[in-house]
Structures are given as structure tokens and as C-alpha cells.
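Visitor: Dropping the structure in here first, questions after.
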Amino acid sequence: MRMHMMKPVVRWWSLMDNHLLSHYTETLEIHTDRFVQRSGVLSKRENVVRFTHITNYSSEQNLLDRLFGVANFNIETSAGAQEPEMVLRGYPDQLRSFLSRMLDRFVQLG
């Protein structure tokens, strides 16, 4: 059951960013127990991360990101991993509070 779907925001202050196409090709589905990130036009990619496997997340915002309420998120599934399991660039800042609530909920269940 899908709870919510998000798309990255086109940030005009980063039009030279190589992630500009992600706005048009990427979606993030938030289910009751997992994230599903889909991207691509010719080559399709799907990345699924269950909330029970998330160990940590980090977010990053520059000044304009803060003013417009968007952020970049790195979601990790194992401590000390070289690369995050899921990278979300240009998503609404509300995702931070959702991640925090989900981590609290699944830590209490575990």
C-alpha cells in the first residue's frame, strides 16, 4: 500500500547541476514499510529500502535550499558503509520529519 509519492524539486539556483534530469525521471514512493525510488528514461532503476533496515540518515541544505524548503538526503542501511543506500536530491524538507518519525517508530518496534 502506497502512502505518498514525491518528486524532486527543480531548483533554479542549481540549473547547472548534473542532477537536473532527476526532476523529470525520478519518483519516490513512500509505503507503510519502505521507500521505493524509481528513475530513468531509457534505462530504468529501482531502489527499495525498508524502514527496518535504515540505520541513519543525513541531510544537507545550502542557504537557498533552506529558503525554499528543500534538502538533499542520504539514507544509510549499515553503519560505516562507504556509500549511502539511497540518495535523494532536492526533496521537500518535510521528508526530514517523516524520516525521524519512521526511525523512532521502527526502533521502538525492534
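We did not get these values from a lab; they are worked out from the coordinates using the rules stated. As the structure is a computational prediction, the values presented were derived from the model and not from experiment. Please note: Cβ atoms are built from the backbone with ideal geometry, for glycine as well, and neighbour counts cover all protein chains shown.
Visitor: Could you line up HIS53, HIS4 from fewest to most neighbouring Cβ atoms inside 10 Å?
Guide: Numbers: HIS53 14, HIS4 10.
In increasing order of surrounding Cβ atoms, one gets HIS4, HIS53.
Visitor: I've got another one for you. Please work out how much length the chain gains when fully extended from THR27 to ALA81, using 0.36 nm per residue of separation minus the C-alpha to C-alpha distance, in nm with one decimal.
Guide: 17.0 nm
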